[in-house]
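Undergrad: Could you have a look at this structure, given as structure tokens, before my questions?
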Amino acid sequence: MSRDLCIYLEFLTEAHKAQIRQTAEEAGFVPHFFDLDQFEEAKACVQHCEVLYAHSPELLRTAPVSLKWYCCSFAGIDPYCKDPTLFANPDCLMTNSNVYGVTIAEHVVMVTLMLLRRMPEYEAVVRGHGWSNQLAVRSIRDNTFTILGTGDIGVNTAERLRGMGAAHILGLSRSGRPHPAFDEVRPIADLDAVLPQTKILIMGLPSTPETYHILNRERIALLSADAIVINVGRGTAVEQAPLIEALNSGRLAGAALDVMDPEPLPKDDPLWDARNIILTPHVSGNMTLGYTCDRNVELFCADLRNYAAGCPLRGLVDRKRGY
């Protein structure tokens, strides 16, 4: 009896499909591929599938108890943790795809340089057809960084900053466990003690009850006037109103947000017009870089081999914890 695998994704190339077919055949599975405009066909297929590779809470909700493993092609698993009724089988394994570190780290480097080199201010000068060019700038070289979250995003970001001459990179994580990418790793409980010395705060946290508004009004007030804030994790981690106030009053040098709360950001939200801010519409990750897509498929295939062999899944997540 065949073991069926349903794949419901939009980014797969023919080479990706061939790679999945070969791995599936070796693992004893029959793969079935569907584009996003084939929801009904995918829904019919998933009724007899053991494994689903997708990013679709709607499709997952239709799956019966026979589904044993759901591989989410995205890193963010918020919808699946907030609504446990999505899983007919409460013991269904879930993995996510932590393959966005490279593309997000490059985005972080880009916006960090833009803020250190005063690009929001120079853009305002140019829009006004002005020619002021003597703003003092700062460099990644010899600067200090605090990275909130030492997972795939944090590690890739730290490695790139190190290559550009960063003087000291501090990581903050739940455990405070050391990692070679960082000069120092401290538990997240030390955040209040760290913020007053922080010059560049980079946030790459998942959305959990513990991370909601972790950068709140009180903690924003702990940052120095020359500090900048970069958030590429989840928008709920930042309390936006006091951030806007700090930017507009000059109590904070700048911010770059790729994630906001809510998304899309309402057209009349004051965040759009905050001083010295760079806003991007959740583009730092996504499936827009070929390398990200390749790694996504590679890790799924590796875990499909693990699953078939009865070995632990590399990307396994705890839905109760949210990561």
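Undergrad: Which condition from (1) open to solvent by less than 50 Å² (accessible area, probe 1.4 Å); (2) polar (S, T, N, Q); (3) over 16 Å from the mean Cα position of the chain (by Cα) is the one that SER132 breaks?
TA: All conditions pass for SER132, except number (1).
Undergrad: Follow-up. If you scan the range 230-248, which residues turn out to be in a helix (DSSP H, G or I) and open to solvent by less than 10 Å² (accessible area, probe 1.4 Å)?
TA: GLY235, ALA237, PRO242, LEU243, ALA246, LEU247
Undergrad: I'd like the full set of residues that are among the aliphatic types (A, V, I, L, M), open to solvent by 40 Å² or more (accessible area, probe 1.4 Å) and either over 26 Å from PRO31 (Cα atoms) or assigned to a helix (DSSP H, G or I) (or both), limited to the range 264-307.
TA: Result: LEU279, VAL283.
Undergrad: If you don't mind, there's one more thing I want to ask. For residues in the range 31-76 being hydroxyl-bearing (Ser, Thr, Tyr) and closer than 14 Å to LEU93 by Cβ, which is surrounded by the fewest Cβ atoms within 10 Å (Cβ to Cβ)?
TA: For the range 31-76, the residue satisfying everything is SER66.
Undergrad: What is the one condition in (1) in contact with a helix residue (DSSP H, G or I) (Cβ under 9 Å, 6 or more places away or on another chain); (2) under 25 Å from ASN286 (Cα atoms) that GLY235 does not satisfy?
TA: Status for GLY235: all satisfied but (1).
Undergrad: Go through the range 7-30 and give me each residue that's under 17 Å from ARG295 (Cβ atoms), open to solvent by 40 Å² or more (accessible area, probe 1.4 Å) and either of a type in the set (D, E, K, R) or touching a residue at least 24 places away in the same chain (Cβ under 8 Å) (or both).
TA: Those that are under 17 Å from ARG295 (Cβ atoms), open to solvent by 40 Å² or more (accessible area, probe 1.4 Å) and either of a type in the set (D, E, K, R) or touching a residue at least 24 places away in the same chain (Cβ under 8 Å) (or both): GLU10, THR13, GLN19.
Undergrad: Name the single residue that is surrounded by the fewest Cβ atoms within 10 Å (Cβ to Cβ) among those in the range 308-323 being modelled with pLDDT of 95 or more and over 15 Å from TYR70 (Cβ atoms).
TA: Among those that are modelled with pLDDT of 95 or more and over 15 Å from TYR70 (Cβ atoms), it is GLY310.
Undergrad: Could you check the range 135-150 and list, in sequence order, the residues that are modelled with pLDDT of 95 or more and either not in a loop (DSSP other than H, G, I, E, B) or not hydrophobic (A, V, I, L, M, F, W, C) (or both)?
TA: Within the range 135-150, ARG138, SER139, ARG141, ASN143, THR144, PHE145, THR146, ILE147, LEU148, GLY149, THR150 meet the criteria.
Undergrad: Let me ask you something else. Any chance you could count how many residues in the range 281-306 are at pLDDT below 95 and among the hydroxyl-bearing types (Ser, Thr, Tyr)?
TA: Final tally of qualifying residues: 1.
Undergrad: Here is a list: ASP303, ASP268, ASP294, ASP258. Which entry is without any contact (Cβ under 8 Å) to a residue 60 or more places away in the chain and either of a type outside the set (Phe, Trp, Tyr) or more than 19 Å from TYR53 (Cβ to Cβ) (or both)?
TA: ASP268
The values are calculated or read from the model by the stated rules, or taken from the named source; none is laboratory data. Everything quoted here is computed from the prediction, not taken from an experiment. Don't worry about glycine lacking a Cβ; one is built from the backbone with ideal geometry, like all the others, and counts go over all protein chains shown. Ligands, DNA and RNA are excluded from the accessible area calculation, which covers all protein heavy atoms including side chains. Shrake-Rupley method; radii C 1.70, N 1.55, O 1.52, S 1.80 Å.
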